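Step one of this worksheet: look at the structure below.
The values are calculated or read from the model by the stated rules, or taken from the named source; none is laboratory data. Small disclaimer: the values here were computed from a predicted structure and weren't measured. Reconstructed Cβ throughout: ideal geometry from the backbone, glycine too, with neighbour counts over all protein chains shown. Note: areas computed on protein heavy atoms with side chains; ligands, DNA, RNA excluded. Shrake-Rupley method; radii C 1.70, N 1.55, O 1.52, S 1.80 Å.
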Amino acid sequence: MITVAQVEKRFGRVVALDGVSLSIDKGERVAFVGTNGSGKTTLLRAILGLLRVDGKITVCGSDVGREPEIALRSVAYIPQIAPPIEAPVGEVVRASAALRGVEPSAIEARARRLGLDLGACARTRFRDLSGGMKQKLLGALALAAETPILVCDEPTANLDGDARAAFFEQLAERPASSVVILCSHRLEEVRQIVGRVVELADGRIVRDASLSELLRELRSFRVEVALTEAGAALEPTLLALGFSRSGLARFALQVAQAEKIELVTRLLRDHGDGLADLSVVPMDDLSSVPGNVSPLRPKLEVVA
Ligand SMILES: Nc1ncnc2c1ncn2[C@@H]1O[C@H](COP(=O)(O)OP(=O)(O)O)[C@@H](O)[C@H]1O
Ligand SMILES: [Mg+2]
């Protein structure tokens, strides 16, 4: 549905996109992640035909550079930064409804679910809405358009918890064949929705993996053991395995999923007598994705 081939974009000396290629098929839900300045917004804007780039981008078979209007009919966009529209909200809603061929009431219903009463702010200039209200309205406009492709740039950055949940609920209701692209610097927030994660760094794709692959790869565990008095002699063995001291007669080591079972089996089999306690704590799945600032809380699970 979307192909991006060898796309480059420079802003002066900054290379914002550096040879980006990817394709997105019908029904895919994709997150673009990466630190600030990695090129996410530029890539979205290129896909939307809002930026002139080197390389080629097609949306539903049309070349975005050559026929932007054809490609864009299939796409709705929630921008990261709201445009400074002077018109009152009611007019924005009517114009968008006419453009997309939907009823204004459909937009009002979407907005209501996000906690925004469009009747109450119909006369307010769009630019005078609060950041959160603008994001709710832009979300409602994009959701109501019911286009085959929805592109969202940090769509919930200004939303409160309830509105955020309501937004993701509406995303989840979209037809299975539709495409959703979600830009976020917090993968954790979008993990319920997406099946694929494209990570950008310095304008390049540095990872393109399914969510389950990524989680498997990133998953790590903290193995902690407490020694019995007799087990004190195990200290050199544990240090040689890479453990470090974590308390009185306690040692800990962080390992990847793949190494966890072997390590625990070996400890129990060869040194079980010297262990007073052994625990395995799953660590944050996603914290090692750049820019992802909010780790999941570790969950304690006593293995033996
Ligand atoms: N209109 C612009 N003019 C100049 N530089 C820009 C412009 N848009 C983006 N950039 C630069 O391109 C790089 C990528 O920016 P952006 O795509 O917005 O990153 P992200 O959305 O991942 O935070 C940054 O270095 C940014 O400063
Ligand atoms: Mg951005």
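Points to keep in mind about this one:
- When residues of region 233-258 are limited to those that are in contact (Cβ under 8 Å) with a residue 24 or more places away in the chain and open to solvent by 50 Å² or more (accessible area, probe 1.4 Å), the one nearest to V30 (Cα to Cα): Q257
- Condition met for G34 (under 27 Å from E173 (Cα atoms) and either surrounded by 14 or more Cβ atoms within 10 Å (Cβ to Cβ) or within 16 Å of ligand 2 (Cβ to nearest atom) (or both)): yes
- Any hit, region 65-76, residues being in the same structural domain as E146 (by TED's automatic domain parsing), touching a residue at least 40 places away in the same chain (Cβ under 8 Å) and either touching a helix residue (DSSP H, G or I) at 6+ places or on another chain (Cβ under 6 Å) or within 15 Å of ligand 1 (Cβ to nearest atom) (or both): yes
- Filter result for D208 (touching a helix residue (DSSP H, G or I) at 6+ places or on another chain (Cβ under 7 Å) and acidic (D, E)): no
- Residue match in region 39-49 (condition: closer than 19 Å to F11 by Cβ, open to solvent by 60 Å² or more (accessible area, probe 1.4 Å), at pLDDT 90 or above and within 25 Å of the chain's Cα centre (by Cα)): yes
- Condition met for V89 (of a type in the set (V, I, T) and in contact with a Lys or Arg (Cβ under 8 Å, 6 or more places away or on another chain)): yes
- Contact map, region 156-177: residues that are open to solvent by 60 Å² or more (accessible area, probe 1.4 Å) paired with residues that are among the small types (G, A, S) and modelled with pLDDT under 90, Cβ distance under 8 Å, separation 6+ or inter-chain. No pairs are found.
- Once region 84-102 is narrowed to residues that are in contact with a helix residue (DSSP H, G or I) (Cβ under 8 Å, 6 or more places away or on another chain) and of a type outside the set (V, I, T), the residue that is modelled with the lowest pLDDT is P84.
- Selection of region 1-32 for residues being within 9 Å of ligand 1 (Cβ to nearest atom) and not basic (K, R) yields F11, G12, V14, V15, A16, L17, F32.
- Residues of region 259-282 satisfying the condition of being touching a helix residue (DSSP H, G or I) at 6+ places or on another chain (Cβ under 9 Å) and open to solvent by 50 Å² or more (accessible area, probe 1.4 Å): R266, D270, D273, A276
- So D202, is it in the same structural domain as D25 (by TED's automatic domain parsing), open to solvent by 70 Å² or more (accessible area, probe 1.4 Å), touching a residue at least 12 places away in the same chain (Cβ under 8 Å) and closer than 30 Å to V15 by Cα: yes
Here is a yes/no grid of residues against (1) of a type in the set (S, T, N, Q); (2) crowded, with 18+ Cβ neighbours inside 10 Å:
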{"position": "A95", "(1), (2)": "no, no"}
{"position": "L99", "(1), (2)": "no, no"}
{"position": "R112", "(1), (2)": "no, no"}
{"position": "A120", "(1), (2)": "no, no"}
{"position": "T124", "(1), (2)": "yes, no"}
{"position": "D128", "(1), (2)": "no, no"}
{"position": "K136", "(1), (2)": "no, yes"}
{"position": "A145", "(1), (2)": "no, yes"}
{"position": "R186", "(1), (2)": "no, yes"}
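- Screening T3 against (1) under 22 Å from the mean Cα position of the chain (by Cα); (2) within 16 Å of ligand 2 (Cβ to nearest atom); (3) among the β-branched types (V, I, T); (4) open to solvent by 10 Å² or more (accessible area, probe 1.4 Å) leaves a single unmet condition, (2).
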